[in-house]
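Written out below as structure tokens is the structure these notes cover.
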Amino acid sequence: MRLDELPPRARAEAEEIMRREDEARAGRSIALPKINTTRAAAAIAKGFANTVAVAQGFAAIVEREALPSERRMKQDHKPLLNKLEEDYRDRVLYLQYKPEEVRAQSFRIRLANGQWYKPDFFVKKANLFIEVKGPKSWRGGLENLKTAATQYPEYRYKLVWRERRGGPFLSQEVLP
């Protein structure tokens with residue numbers, strides 16, 4: 001593999017290594033081992049700790065630190081909303097408000113008790129946070145909803161639930 005066939009990042013590193021080797025050679029003579037240049041180029045491109053510098057037909061093994069890996073963002077592959085929340089959004093919320101006015105799980109609110117509360121929906125026009133609960137999920141989020149309502153009274157809070165599958169959605173405004 002030729003030097004100009006390497007990816008730009010690997011090529012720059014190989015050129016830097018060869019420059020250092022040329023400077024070392026000027027001071028004393030060193031013998032370079034023969035290795036597979038294709039495998040060497042792949043090693044540089046992948047960023048292994050013992051990378052191999054490839055140049056026009058000869059190669060040298062160079063001991064050095066691993067290439068700094070590019071930082072990747074953590075990505076959560078779970079859906080943003082559960083089925084009940086999607087059902088409420090589609091059947092009720094989008095009939096009352098325009099879809100661009102409704103934001104799903106877009107805020108995290110820091111509470112006084114050191115916890116965080118993430119409401120299911122925020123309606124910008126109405127200044128309203130909405131929390132959707134299923135028939136058996138009353139523990140946990142309800143305390144945080146009440147704490148948020150007390151701590152931030154400038155917003156309105158609404159609790160929505162469904163008692164049985166396929167039944168109507170019931171709602172109640174949460175007061176501070």
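Residue-wise test of (1) among the polar types (S, T, N, Q); (2) out of contact with any helix residue (DSSP H, G or I) (no Cβ under 7 Å at 6 or more places or on another chain); (3) closer than 24 Å to P79 by Cβ; (4) surrounded by 15 or more Cβ atoms within 10 Å (Cβ to Cβ).
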residue: P119; (1), (2), (3), (4): no, yes, yes, yes
residue: F122; (1), (2), (3), (4): no, yes, yes, yes
residue: E131; (1), (2), (3), (4): no, no, yes, yes
residue: E154; (1), (2), (3), (4): no, yes, no, no
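It is to be established whether one or more residues within region 113-123 are in a loop (DSSP other than H, G, I, E, B), in contact (Cβ under 8 Å) with a residue 24 or more places away in the chain, under 16 Å from L159 (Cβ atoms) and of a type outside the set (F, W, Y).
yes
Out of P99, P135, report the one residue that is closer than 22 Å to N82 by Cα, at pLDDT 90 or above and not β-branched (V, I, T).
Every option except P99 fails the conditions.
With the requirement that a residue be among the charged types (D, E, K, R) and surrounded by 13 or more Cβ atoms within 10 Å (Cβ to Cβ), what does region 88-102 give you?
R89, E101 - these are the residues of region 88-102 that are among the charged types (D, E, K, R) and surrounded by 13 or more Cβ atoms within 10 Å (Cβ to Cβ).
Of (1) in contact (Cβ under 8 Å) with a residue 12 or more places away in the chain; (2) out of contact with any helix residue (DSSP H, G or I) (no Cβ under 6 Å at 6 or more places or on another chain), R110 satisfies all except one. Which?
Only one criterion in (1) in contact (Cβ under 8 Å) with a residue 12 or more places away in the chain; (2) out of contact with any helix residue (DSSP H, G or I) (no Cβ under 6 Å at 6 or more places or on another chain) is unmet by R110, namely (1).
Does L80 qualify as being among the hydrophobic types (A, V, I, L, M, F, W, C), out of contact with any Phe, Trp or Tyr (no Cβ under 9 Å at 6 or more places or on another chain) and either crowded, with 16+ Cβ neighbours inside 10 Å or in a loop (DSSP other than H, G, I, E, B) (or both)? Even if it seems obvious, please write down each step before you answer.
Numbers: among the hydrophobic types (A, V, I, L, M, F, W, C): yes; out of contact with any Phe, Trp or Tyr (no Cβ under 9 Å at 6 or more places or on another chain): yes; either crowded, with 16+ Cβ neighbours inside 10 Å or in a loop (DSSP other than H, G, I, E, B) (or both): yes.
Answer is yes for this residue.
The values are calculated or read from the model by the stated rules, or taken from the named source; none is laboratory data. Because the structure is predicted, anything quoted here is derived from the model rather than measured. All Cβ positions, even for glycine, are placed from backbone atoms using ideal geometry, and neighbour counts span all protein chains on display.
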